[in-house]
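Colleague: Structure in structure tokens, see below.
The values are calculated or read from the model by the stated rules, or taken from the named source; none is laboratory data. Everything quoted here is computed from the prediction, not taken from an experiment. Note that each Cβ is placed from the backbone with ideal geometry, even for glycine, and that neighbours are counted across all protein chains shown. The protein model used for the area step is the full one, side chains on, heavy atoms only, and it has no ligands, DNA or RNA in it. Shrake-Rupley method; radii C 1.70, N 1.55, O 1.52, S 1.80 Å.
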Amino acid sequence: VMSSSSSSALEMEIFQYIDAHQSDFIKDLTEWVAVKSDSVQPHLRKEVMQMMALAADRLAALGATVNLVNLGSHQLPDGQVLPLPSVILGELGKDPQNPTICFYGHVDVQPAKKEDGWNTDPYTLTEINGNLYGRGATDNKGPVLAWINAVGTFRALKFVVNFKFVIEGMEEAGSLGLEKLLEEENQSFFSDVDYIVISDNLWLSNKKPALTYGSRGNACFFVEVECGSKDLHSGTFGGIIHEPLLDLIALLDSLVDSTGHIQIPGIYDSVAALTEEERKLYESIDFDLEEHRNNCGVKKFLYGTKEEILLHLWRYPSLSIHGIEGAFHEPGIKTVIPAKVIGKFSIRQVPHMDLSVVKQQVVEHLEGVFSKRNSPNKLKVSMPLGAKPWLADVNDLLYKAARRAIKTVFGEDPDFIRDGSTVPVARMFQTITQKSVIMLPIGAADDGEHSQNEKISRYNYIEGTKLFAAFFLEISKLH
């Protein structure tokens, strides 16, 4: 174990090295962002493959042994069969005296086109006022590179921890094949792993660092109403039939009231009770309601206080309606009565809610509402996707180490936050490997992941690299 003075001397040396190599790190990110590794659109699958190869080369250049695991192929709804990108399993350092950290990241991105409202070309990393704009800059190419570059600074010095890497190219399309791979590798690849680190989320504010210790799950539902095999003309049939879209609107309208309260009986029964210790975590959090409101461009929120907003974003369930398939949505007028419409909504669930119970509650509620309408139409409710929530212990050694590293680099304690969205991989890693999992974000709240003009600031990218390096040193001190 290093003495604290030699450790802080090493820290200084590493931080100087990172500052000196800023432009190299940005050049790396430019090269990665240029690859259109969009895993959602079939015609770009080749680019995802290319991106996996690029990431594998980058790890090999560090001296890591890299195994590209073939996951086979998958079939799209239209019948087309596409190859799945390989998953990278990498390792660097095998000293049994040292702790082993496994990093998970993904190098695929959400779709992006200039005409969607980007100010710059989404696949050309562009620096404006200290911000690096480009698709994938913050989600997740920037953080993956920051981690790799932090590991690289240690290669220039000396290892204090062993590294493992799990890098995939299908995260934005549901991490197809990943769970099975983790299960297969659990006894071998993960056997000597002590800690798992995920950096695929954001701080809560634009300035103050954060550590994430939980995320909500997500249960997605389809509710389908069908009257017959073909669309009908509203002049010929309007006024004499039970229109599926009217049924569907009534069903969707029954789900949530105007205060945001979910109206499905029993849905709140198993939500974990708020403890005093947990409530305290909310008080010191740096969260500007007005700024958050301006960021999302709405006039007002459902709640008026910081605590209420965060509680309802993180630890209470919510229900959102996402759209209606089969209804006419192009510009102009079309007097059609659609024969079949599918409403899509999801429930973000929180600890202690059970997916199968939630599904049953939703189905019973919708069937009850539908039966009161005396409609001859066919109703079908399904839950195509269900992801469970994830929760870690903020008093875990891993969180304490990360907290100290943040203090070293940023000079302040982090906010302990949860994520209102779903991070299936955190839950997946924790469940399968039974190791400590931490989410260690380096992007700021206004980075716009999945949105137009996605960015990471130069500050967050470079200081984030330092944070990872300081974190390695903190981990080495635990052992």
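Colleague: So what does the Cα-only Debye profile of region 1-88 read at q = 0.15, 0.23, 0.25 Å⁻¹, as log10 I(q)/I(0), no solvent term?
Modeller: -0.75, -1.13, -1.20
Colleague: Still on this structure: Evaluate 2.2 N^0.38 Å with N set to the residue count of region 37-80, then give the Cα radius of gyration divided by it.
Modeller: Scaled against compact globular proteins, the figure is 1.42.
Colleague: On to the next question. Of all alpha-carbon pairs in region 267-366, indicate the percentage at a distance above 24 angstrom.
Modeller: Working: 2329 of 4950 pairs.
When all Cα pairs of region 267-366 are counted, 47 percent exceed 24 Å.
Colleague: Taking all protein chains as present, what is the carbon and sulfur share of the accessible area of the chain, in % to the nearest whole number, probe 1.4 Å?
Modeller: On the chain, the fraction of accessible area on carbon and sulfur atoms equals 51 percent.
Colleague: Would you mind giving the average projected area, over all directions, of the Cα convex hull of region 185-339 in nm² with one decimal?
Modeller: 16.2 nm²
Colleague: To the nearest 20 debye, what charge dipole does region 18-136 have about its Cα centre, counting +1 at the Cβ of each Lys and Arg and -1 at the Cβ of each Asp and Glu?
Modeller: Charge dipole of region 18-136: 240 debye, to the nearest 20.
Colleague: Roughly how big is region 148-275's charge dipole about its Cα centre, with Cβ charges of +1 (Lys, Arg) and -1 (Asp, Glu), in debye to the nearest 20? Walk me through the numbers on the way to the answer.
Modeller: Working: 8 positive and 18 negative charges, 185 e Å.
Around 880 debye, computed over region 148-275.
Colleague: Same structure, new question: Of M428, M439, V394, whose Cα points farthest to the positive end of the dipole of region 390-445 (charges on the beta-carbon: +1 Lys, Arg; -1 Asp, Glu; origin at the Cα centre)?
Modeller: Farthest along the dipole direction, towards plus: M428.
Colleague: Another question about this same structure. Any idea what the dipole of the chain comes to, in debye rounded to 20, about its Cα centre with Lys/Arg Cβ at +1 and Asp/Glu Cβ at -1?
Modeller: My answer is approximately 240 debye.
Colleague: How big is region 356-479 by the Kirkwood estimate over distinct Cα pairs, in Å?
Modeller: Roughly 18.3 Å, rounded to one decimal.
Colleague: A further question follows. Amide H neighbours of L385 under 5 Å, counting only residues 5+ apart in sequence or on other chains, H built in-plane at 1.01 Å?
Modeller: C220
Colleague: Tell me, Kirkwood radius of region 231-313 from alpha-carbon pair distances, in Å?
Modeller: 17.0 Å
Colleague: So between E184 and E290, what do we pick up on full extension, going 0.36 nm a residue minus the alpha carbon distance?
Modeller: Contour length minus the Cα-Cα distance gives 33.4 nm.
Colleague: Taking only the C-alpha atoms, wrap a convex hull around the chain and report its volume per residue in Å³ as a whole number.
Modeller: For the chain, the hull spanned by Cα atoms encloses 160 Å³ per residue.
Colleague: Could you bin all the Cα-Cα distances of region 425-479 into 10 Å bins starting at 0 and give me the percent of pairs in each, rounded to whole numbers?
Modeller: Percent of pairs per bin, in order: 20, 33, 36, 11, 0.
Colleague: Where does the chain land at 222 nm, in deg cm²/dmol rounded to the nearest 500, when only DSSP H runs of n ≥ 4 count, each adding -39500 (n - 2.57), divided by all residues?
Modeller: Values: 14 runs with 172 residues, N = 479.
Dividing the helical sum by the residues of the chain leaves -11000 deg cm²/dmol.
Colleague: Okay, moving on. On each of the three principal axes of the Cα atoms of region 113-204, give max minus min coordinate, whole Å, ordered largest first.
Modeller: 47, 37, 25
Colleague: Which cross-chain or sequence-distant (5 or more) residues have an amide H under 5 Å from the amide H of Q41, H modelled 1.01 Å from N in plane?
Modeller: The list, which skips near neighbours in sequence, is empty: none.
Colleague: Over 26 Å between Cα atoms, which of K36/K208; K158/K477; K46/K435; K141/K306 qualify?
Modeller: K36/K208; K46/K435; K141/K306
Colleague: Another question about this same structure. So which GluC sites (Glu not before Pro) in region 398-479 are both in a DSSP loop and have at most 13 other Cβ atoms within 10 Å of their Cβ? Don't skip to the end; give the middle numbers.
Modeller: Numbers: sites: E412, E449, E454, E463, E474; in loops: E412, E449, E454.
Hits after loop and neighbour filter: E412.
Colleague: For region 37-119, place one equal point scatterer on every Cα, skip the solvent, and apply the Debye formula. What is log10 of I(q)/I(0) at q = 0.14 Å⁻¹?
Modeller: The Debye formula, applied to the Cα set alone, gives -0.62.
Colleague: Relative contact order for region 200-300: what percent, with Cα pairs under 8 Å and sequence separation of 6 or more?
Modeller: With pairs under 8 Å counted, the relative contact order is 25 percent.
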